[in-house]
1. Of the residues 202, 169, only one is touching a residue at least 60 places away in the same chain (Cβ under 8 Å), in contact with a strand residue (DSSP E or B) (Cβ under 9 Å, 6 or more places away or on another chain) and aliphatic (A, V, I, L, M); which?
2. So which residues in the range 185-226 are in a loop (DSSP other than H, G, I, E, B), open to solvent by 40 Å² or more (accessible area, probe 1.4 Å) and of a type outside the set (D, E, K, R)?
3. Which of the residues spanning the range 193-235 are within 14 Å of the chain's Cα centre (by Cα), within 12 Å of residue 183 (Cα to Cα) and of a type in the set (Val, Ile, Thr)?
4. Report every pair of residues separated by at least 6 positions or lying on different chains whose Cβ atoms are under 7 Å apart, first residue within the range 130-144 and at pLDDT below 95, second in a loop (DSSP other than H, G, I, E, B).
5. Going through the range 182-212 one residue at a time, which ones are small (Gly, Ala, Ser) and in contact with a helix residue (DSSP H, G or I) (Cβ under 8 Å, 6 or more places away or on another chain)?
6. Going by what's in this entry, would residue 294 be described as in contact with a strand residue (DSSP E or B) (Cβ under 7 Å, 6 or more places away or on another chain) and small (Gly, Ala, Ser)?
7. Does residue 255 fit the bill of being touching a Pro at 6+ places or on another chain (Cβ under 8 Å), exposed (fewer than 14 other Cβ atoms within 10 Å of the Cβ) and of a type outside the set (Gly, Ala, Ser)?
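The values are calculated or read from the model by the stated rules, or taken from the named source; none is laboratory data. This structure is a prediction, so every number in the text was calculated from the model and none was measured. Because the Cβ atoms are built from the backbone with ideal geometry, glycine has one as well, and the counts that use them run over all protein chains shown. Accessible surface areas use protein heavy atoms only, side chains included; no ligands, DNA or RNA. Shrake-Rupley method; radii C 1.70, N 1.55, O 1.52, S 1.80 Å.
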Amino acid sequence: MKRASIITLLLLGSLGALNSAWAVDYPLPPVGSRLIGQNQTYTIQEGDNKLQAIARRFNTAAQLILETNNTIAPVDPAPGTVITIPSQMLLPDTPREGIVVNLAELRLYYFPPGENIVQVFPLGIGQLGLETPVTTTRVSQKIPNPTWTPTPGIRARSLAQGIKLPPVVPAGPNNPLGRFALRLGVGNGEYLIHGTSAPDSVGLRVSSGCMRMNAPDIKALFEQARVGTRVQIINEPVKYSVEPDGRRYVEVHRPLAQQEGENPQTTPINHSTDFATFVSQSGSDKALISKALSRRAGIPVVVSAGNGPSANNAVLSVQNSRASAAVSEGEGEKVTQ
């Protein structure tokens with residue numbers, strides 16, 4: 001069994017399984033803009049000892065909340081603490097079509113055809129060594145009430161943990177794939193976007209390569225997405241934009257670990273030549289960009305020259321957290337209807 005980090009074990013083992021997510025619809029920004037949404041604040045209440053439940057309430061991921069509020073405890077956060085909910089973001093620099101997944105931010109974006117909106121969902125993705133692939137593909141099959149056929153590798157890993165999996169798990173409420181699955185046309189069809197019987201795994205890096213969604217979210221996506229829908233999967237921890245009003249933003253997430261023991265708060269991030277050009281332009285404040293790249297708060301911050309530190313969200317003054325998510329075992333690859 002791969003070693004799991006403390007934070008992953010806490011989130012998976014200690015948090016409840018409240019299942020109350022829903023799609024968040026954002027109006028598409030005008031041409032030339034990528035900024036959507038507004039950050040929210042929430043005051044931790046007595047009994048709010050389940051960060052995943054708070055995350056589902058706002059249709060985000062617990063890991064994203066921890067990025068933005070990097071001094072709060074993942075379990076039993078102190079009542080009265082005011083946290084920022086990261087509900088403002090930059091759209092990925094991709095065509096606004098079909099399904100777009102950004103692995104680094106644990107989010108799935110869906111652009112309903114003919115509508116001027118984008119729907120944003122939290123997502124669980126492949127663990128270290130069983131990564132969700134970066135690719136552009138299509139939805140090849142829609143599978144209601146899928147069964148789960150664990151692969152030999154998964155059965156062997158489970159057996160090593162003292163768990164003997166059956167050859168096939170029938171459809172139903174305890175099926176690890178949930179009630180709906182979208183098969184992708186990549187590889188041998190082993191990659192799926194699906195529900196899960198373990199809702200606390202959504203928003204974490206825990207699967208065997210498939211992408212997990214909360215039950216209401218996959219139901220909403222399944223009802224809308226058709227066979228042939230374009231699916232683009234990227235891994236971009238840094239997003240940036242020059243908005244129509246001239247303001248410049250960067251949104252930096254902790255990169256996915258490439259090996260055991262990496263600290264995603266300090267791991268170097270590889271930058272594209274386009275981002276290097278953005279940094280070097282006269283309208284960019286290099287000091288603010290450097291601060292954002294170091295803090296990795298997971299929300300858009302202003303980095304326009306002349307704005308100064310006061311232009312940025314106050315959460316950037318919080319000291320960096322040393323918590324990092326690792327891995328646990330995930331789901332299977334073979335599905336039948």
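1. Details: 169 fails: touching a residue at least 60 places away in the same chain (Cβ under 8 Å).
Every option except 202 fails the conditions.
2. Result: 185, 187, 188, 191, 197, 198.
3. Passing the criteria: only 193.
4. Short answer, once both residue conditions are applied: 130/208; 130/209; 130/330; 131/209.
5. Of all residues in the range 182-212, those small (Gly, Ala, Ser) come to 185, 187, 189, 195, 197-198, 201, 203, 207-209.
The answer is 195, 198, 201, 203, 207, 208.
6. Values: in contact with a strand residue (DSSP E or B) (Cβ under 7 Å, 6 or more places away or on another chain): no; small (Gly, Ala, Ser): yes.
Spelling it out, it is not the case that residue 294 is in contact with a strand residue (DSSP E or B) (Cβ under 7 Å, 6 or more places away or on another chain) and small (Gly, Ala, Ser).
7. Values: touching a Pro at 6+ places or on another chain (Cβ under 8 Å): yes; exposed (fewer than 14 other Cβ atoms within 10 Å of the Cβ): no; of a type outside the set (Gly, Ala, Ser): yes.
So residue 255 fails the test.
Let's see how each residue does on (1) more than 15 Å from the chain's Cα centre (by Cα); (2) of a type in the set (Asp, Glu):
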{"position": "36", "(1), (2)": "yes, no"}
{"position": "75", "(1), (2)": "yes, no"}
{"position": "97", "(1), (2)": "yes, yes"}
{"position": "107", "(1), (2)": "no, no"}
{"position": "126", "(1), (2)": "no, no"}
